[in-house]
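Data block below; observations after.
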Amino acid sequence: MSEPPPEREWRFYLDDMIAFTEKVLTYTDGLNQAAFESNPKTFDATLRNLELIGEAATRIPQSVRDGASEIPWRQVIATRNRLIHGCLGVDNDTIWSVIQDDVPELLGELASAAGHPRRIRIAAPKVKLESAKHDNQGGTQSSC
């Protein structure tokens, strides 16, 4: 019998989180919410990378998470869980708000935790719908 592969170093997962975060921002750069929702490939690729951010976060040891308390670890992992398990209950307005408001900030926090220089992202002006932040009482539903 062969031995199981050695456990991957947690720093690699942190780098993965940075790469997935950058992909989310790249995929949605210059889009408004309507354009994002109307492009199934962009929508699906973005959601997949949001899931992967949370999945990688689960691989970061608790002691490391405790030392990087500026990163909202529980929210990142909860977002992953909601996307994976609550497919039909995920509100597009909430997803767009996460992409526009939370992901850029997360990228800076992850870069700091990884010891990278703070990344500065120059993007097109954000276009937001008035209802971008609300609970699941309205808006459109994802089409998982």
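The values are calculated or read from the model by the stated rules, or taken from the named source; none is laboratory data. Bear in mind that the values here come from a model prediction, so they are computed numbers and not experimental data. Virtual Cβ from ideal backbone geometry, glycine too; neighbours counted across all protein chains shown.
Here ARG8 fulfils each of the conditions (1) assigned to a helix (DSSP H, G or I); (2) surrounded by fewer than 19 Cβ atoms within 10 Å (Cβ to Cβ) apart from (1).
Regarding region 24-35, can at least one residue be identified that is at pLDDT 95 or above, of a type outside the set (Phe, Trp, Tyr), buried (at least 18 other Cβ atoms within 10 Å of the Cβ) and more than 15 Å from the chain's Cα centre (by Cα)? Spell out the reasoning first.
If we filter region 24-35 for residues that are at pLDDT 95 or above, which is where we start, we get 24-35.
Okay, now just the ones that are also of a type outside the set (Phe, Trp, Tyr), so 24-26, 28-35.
Next, only the ones that are buried (at least 18 other Cβ atoms within 10 Å of the Cβ) stay: 24-25, 28, 31, 33.
Adding the requirement that they be more than 15 Å from the chain's Cα centre (by Cα) leaves 31, 33.
Yes; the residues of region 24-35 include at least one that is at pLDDT 95 or above, of a type outside the set (Phe, Trp, Tyr), buried (at least 18 other Cβ atoms within 10 Å of the Cβ) and more than 15 Å from the chain's Cα centre (by Cα).
Can you confirm whether region 52-62 contains a residue that is within 16 Å of LEU106 (Cβ to Cβ), within 12 Å of the chain's Cα centre (by Cα) and polar (S, T, N, Q)? No; the residues of region 52-62 include none that is within 16 Å of LEU106 (Cβ to Cβ), within 12 Å of the chain's Cα centre (by Cα) and polar (S, T, N, Q).
Residues ILE77, ILE99: which one is touching a residue at least 60 places away in the same chain (Cβ under 8 Å), in contact with a Ser or Thr (Cβ under 9 Å, 6 or more places away or on another chain) and β-branched (Val, Ile, Thr)?
Working: ILE77 fails: touching a residue at least 60 places away in the same chain (Cβ under 8 Å).
One residue alone meets the criteria, ILE99.
Among the residues of region 66-80, those identified as loosely packed, with under 14 Cβ neighbours inside 10 Å and either at positive phi or not small (Gly, Ala, Ser) (or both) are ASP66, GLU70, ARG74. The set of residues from region 17-30 being of a type outside the set (Val, Ile, Thr), over 15 Å from GLU109 (Cβ atoms) and touching a residue at least 24 places away in the same chain (Cβ under 8 Å) comprises LYS23, ASP29, GLY30.
The residues of region 20-60 that are out of contact with any helix residue (DSSP H, G or I) (no Cβ under 9 Å at 6 or more places or on another chain) and of a type in the set (A, V, I, L, M) amount to a single one, ALA34.
Condition test on GLN100, is it crowded, with 19+ Cβ neighbours inside 10 Å, farther than 15 Å from ILE18 by Cα and at pLDDT 95 or above? Please lay out each step first, then the result.
Values: crowded, with 19+ Cβ neighbours inside 10 Å: yes; farther than 15 Å from ILE18 by Cα: yes; at pLDDT 95 or above: yes.
Yes; evaluated as a whole, the condition is true for this residue.
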